[in-house]
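First the structure, in the form of structure tokens, and then the observations on it.
Nothing in this text is a laboratory measurement; each read-out follows from the coordinates by a stated rule. All values derive from a computational prediction rather than experimental measurement. Methodologically, a virtual Cβ is constructed for each residue, glycine included, from the backbone with ideal geometry; neighbour enumeration extends over all protein chains shown.
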Amino acid sequence: MIGRLSALVLAAVLAACGGNATVPENHFYRLEVAPPEAPGKRLLTGVLEVDRLLATGELTQRSIVYRQADNPHQLQAYHYRFWNEPPGVLLQAELVGYLRAAGVADKVMTPEMRARPDYAITGRVEKLERIVGGSNAGVIEMSLVLRRVDDGKVLVAKSYVRDFQPKDDGLTALVKGFSAAVRDIFKAFVGDIAAQI
């Protein structure tokens, strides 16, 4: 009897503590980089391999990162707001799709396909963050390197930075801003490849 009474009291206490609490839902976002308007000139003969972009710290995780405008040295991560994949994976997939649509090489693949590449792209995500306060902007910075595999010659090695102002303060507008900024970086990267070939 005492055991049953204790169980009922414990159940009542637990219900009172969390009875009306609502657990926030997780929200997941993906980049959707629009392809180029039309395929361009084929720039590379053979297989172009695009590796996963490297990242460190919070950018290895899926949480969307932000910082206060008046405190640029401290990064924070949103709770319950995530990329659907870590940024290095997201950007790799979008770069592959963009380069295929642009017709840059005969074939554009990832290392998982185990093809023998003639050219390889590596890179690193330096920034992918929202700036809260002030203009509520977004900033993305990435480094991209294209090298020829047979002799290791580096054809392009450049860092690309884009700042943008979302249409509103919502995270959906922020993600759309990132998608447009990434597209602009990819377009510039293809232009840099064309200038070196």
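Specify the residue with the greatest mean-square fluctuation among Ala120, Ala69, Ala38, computed from a Gaussian network of the chain linking alpha-carbon atoms under 10 Å apart. Fluctuation is largest for Ala38. Springs join every pair of Cα atoms under 10 Å in this Gaussian network model of the chain, and among Leu91, Leu155, Leu59 the largest mean-square fluctuation is at Leu155. Across the options Leu53, Leu90, Val65, the greatest Cα extent toward the positive end of the charge dipole of segment 48-92 (unit charges at beta carbon of Lys, Arg, Asp, Glu) belongs to Val65. Remark: C-alpha extents of the chain on the principal axes read 83, 42, 31 Å, sorted largest to smallest.
On the beta carbon distance between Thr172 and Ala77, with R0 = 25 Å, the FRET formula returns roughly 0.90.
Please go through segment 82-177 and write out the trypsin sites (Lys or Arg not before Pro) that DSSP classes as loop and that have at most 16 other C-beta atoms within 10 Å.
Working: sites: Arg100, Lys107, Arg114, Arg124, Lys127, Arg130, Arg147, Arg148, Lys153, Lys158, Arg162, Lys167, Lys176; in loops: Arg114, Lys153, Lys167.
Listed in order of number, the matching sites are Arg114, Lys153, Lys167.
Taken over segment 119-197, the alpha-carbon convex hull comes to 81 cubic angstrom per residue.
Toward the positive end of the charge dipole of the chain, with +1 on the Cβ of Lys and Arg and -1 on the Cβ of Asp and Glu, the farthest Cα among Leu99, Ser179, Tyr160 is that of Leu99. Against the longest alpha carbon principal axis of the chain, how many degrees, from 0 to 90 and to the nearest 10, is the axis of helix 171-196 turned? Approximately 20 degrees, to the nearest ten. Going from the residue with the fewest nearby Cβ atoms within 10 Å to the one with the most, Phe28, Phe164 rank Phe28, Phe164. The count of lysine pairs in the chain that are at least 8 places apart or cross chains, and whose C-alpha atoms lie under 14 Å apart, stands at 4.
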